Structures are given as structure tokens and as C-alpha cells.
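Worksheet: one structure, shown below.
The values are calculated or read from the model by the stated rules, or taken from the named source; none is laboratory data. Worth saying up front: this structure is predicted, and the values here are computed from it rather than measured. All Cβ positions, glycine included, derive from the backbone under ideal geometry; neighbour counts span all protein chains shown. The accessibility values were calculated without ligands, DNA or RNA, using every heavy atom of the protein model including side chains. Shrake-Rupley method; radii C 1.70, N 1.55, O 1.52, S 1.80 Å.
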Amino acid sequence: FNAGEKVVFWGGVFLLGLGGHTWRSKVRLDPVPLTPLGFLKDFTGSFLAAIANPATAAGTVGAFAALGLVGFESDSGAVTALVAGVFFGSVLWWFTLASLAAYSRGKLPESWITRINHVSGVLLVLFGLGVLGHLVLKAFA
């Protein structure tokens, strides 16, 4: 494995573990106090899941290519605007998700949350298997 393949491998393993953990996680409808360590743990887990997800990178590259946003490497203003747009778009997306989660907290029955955890766990495992399967196929190509 080269360095990039090692990152991809461990990203796939991380997604498998996160998917299994999500499937098995118990639903707690009681309020969880926000502590600095809990916040850091939640942030780190979310960040690693997002950055290890190959669909995120592939989707971003595909969107840029489809919109014709390639070949601007020499224009620092365009690159800055693109990076700022991606950053603020991501912030808006995560703010929307967090707001929806906060709004729905306490409104969904436990059975629905369990189903959401199961579907999320399966999707994470499938992404992890896809990443690892891609590495295997690449190794034999």
C-alpha cells in the first residue's frame, strides 16, 4: 500500500466500525448534557465520518466537473471564491441538519429512531465495503 491507499483502507475500516456502532447504538430519549469532552467526541466522530466517506469526495469532484469548475487553478480569486463557497455551503448544510435534529428531538418515537440508526448503519457499512472493495479491485487490476 502507498500512503494514499493506507488512508483509504483505514477510512473504509472506520466506516465499517462506525456502521456497526450505529446499528448497535441504543436509543436514549433523555437529554444528554453537553460537556466539552462530549462535544469534542461528537465533532471528531462526525468530521472523520465525513472526510472518510468516498462519496463526499467523488460527489464534490463530480459536481465541480459537471459545473465546469475545472482549469481555474491559476486564478487565485476564483479558487478562493470556490473554497469559500464550499465552506459556507457546508456550514449551511450542517446548520440545517443540526436544526432539524434539534427540532425533531423528542418528537420521533423510539422505534423510528432505531430504524433510522439501522438504515444509517447499513449505509455506512456498505460505503465501507465499497471503499475496501475498490482497493481490492485496484490491487488486482
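Of note:
The rows are residues; the columns are (1) at pLDDT below 75; (2) charged (D, E, K, R); (3) over 23 Å from LEU129 (Cβ atoms).
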position: PHE14; (1), (2), (3): no, no, no
position: GLY17; (1), (2), (3): no, no, no
position: ALA65; (1), (2), (3): yes, no, yes
position: GLY71; (1), (2), (3): yes, no, yes
position: ALA78; (1), (2), (3): no, no, yes
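- Of residues in the stretch 50-83 being outside any helix (DSSP H, G or I) and touching a Leu at 6+ places or on another chain (Cβ under 8 Å), the one most open to solvent (accessible area, probe 1.4 Å): PHE72
- Test: residue in the stretch 127-137 that is more than 20 Å from ALA52 (Cα to Cα), free of Cβ contacts under 8 Å to residues at least 12 places away in the same chain and open to solvent by 80 Å² or more (accessible area, probe 1.4 Å): no
- Residue that is farthest from ALA101 (Cα to Cα) [pool: residues in the stretch 1-32 that are in a loop (DSSP other than H, G, I, E, B) and open to solvent by less than 100 Å² (accessible area, probe 1.4 Å)]: ASN2
- Here GLU110 fulfils each of the conditions (1) among the charged types (D, E, K, R); (2) more than 27 Å from GLY17 (Cβ to Cβ); (3) surrounded by 10 or more Cβ atoms within 10 Å (Cβ to Cβ) apart from (2).
- Checking each residue in the stretch 84-122 for being in contact (Cβ under 8 Å) with a residue 60 or more places away in the chain, more than 17 Å from PHE47 (Cα to Cα) and part of a helix (DSSP H, G or I) picks out GLU110, ILE113, THR114, ASN117, HIS118, VAL122.
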